[in-house]
Amino acid sequence: MTLIDRTLGRLSRRAGVVAAAVVTAAASALVAAPPASAATYQYDCRRLFGSGSYSNPVSLGNVTGRTVVAVNCPPLTSGAGYANRYFSFTLTRPARVPSYAGASFALEATRRSAVNPSLSRGAYTIMHTSAGVWTYNRAGVANGRYLPLGGVLPAGTYRLNLQKLDSPLRSVSTPWFNVVVAVS
């Protein structure tokens, strides 16, 4: 068996394991948080360029082949202009499985409203929040919501909308959160 045959065999097995993990995560009630890539870049959310508005999203830059994590994003609160925050990222090639984008957070008694992702390109919504996959910690408490991107997105620039969906009567604010975009 040649080196190329062994390498292709390992890659095929890894791709099969990853595809099985994505299918299991989507179908499972309790799933682990998505693993970070070996090439992970972490930035302070409050120091990135952009205001977080629709017309001036926070820029995550090119993310193809790596994981970008914007940590310590301020909570989303009820009220006009505060229940959504927009982030932009660019793919230099199509996203492959197991690529994903979304938010990780820690729910607590006073902040029970989750951070929910949706994805758009230009004026068109590509994936709505309802396509999101929930992740949970070992105690069964939700700790993330992600959109599976692999096999769906061609190269280009996208806008990730993170939103607070719960009504103000249930929760006035989300917890602080991290934005995660992992594209392989």
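The values are calculated or read from the model by the stated rules, or taken from the named source; none is laboratory data. None of these values were measured; they are calculated from a predicted model. For neighbour counting, all protein chains shown are included, and Cβ atoms are generated from backbone atoms with ideal geometry for every residue, glycine included. The accessibility values were calculated without ligands, DNA or RNA, using every heavy atom of the protein model including side chains. Shrake-Rupley method; radii C 1.70, N 1.55, O 1.52, S 1.80 Å.
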Candidate set from segment 160-184 (those that are open to solvent by 20 Å² or more (accessible area, probe 1.4 Å) and within 16 Å of residue 46 (Cβ to Cβ)); member that is modelled with the lowest pLDDT: 176
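Among the basic types (Lys, Arg), at pLDDT below 95 and over 18 Å from residue 176 (Cα atoms), is that true of residue 66? Steps first, answer last, please.
On the way: among the basic types (Lys, Arg): yes; at pLDDT below 95: yes; over 18 Å from residue 176 (Cα atoms): yes.
Answer is yes for this residue.
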Looking across segment 50-69 at residues that are over 19 Å from residue 96 (Cβ atoms) and in contact with a Gly (Cβ under 9 Å, 6 or more places away or on another chain), the single one that is least open to solvent (accessible area, probe 1.4 Å) is 58
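Evaluate the following for residue 85: is it in a loop (DSSP other than H, G, I, E, B), surrounded by 14 or more Cβ atoms within 10 Å (Cβ to Cβ), at pLDDT 90 or above and of a type outside the set (Phe, Trp, Tyr)? I'd like the intermediate steps shown before the answer.
Numbers: in a loop (DSSP other than H, G, I, E, B): no; surrounded by 14 or more Cβ atoms within 10 Å (Cβ to Cβ): yes; at pLDDT 90 or above: yes; of a type outside the set (Phe, Trp, Tyr): yes.
So residue 85 does not fit the description; no.
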May I ask you to verify whether residue 91 is aliphatic (A, V, I, L, M) and either in contact with a Gly (Cβ under 7 Å, 6 or more places away or on another chain) or at positive phi (or both)? yes
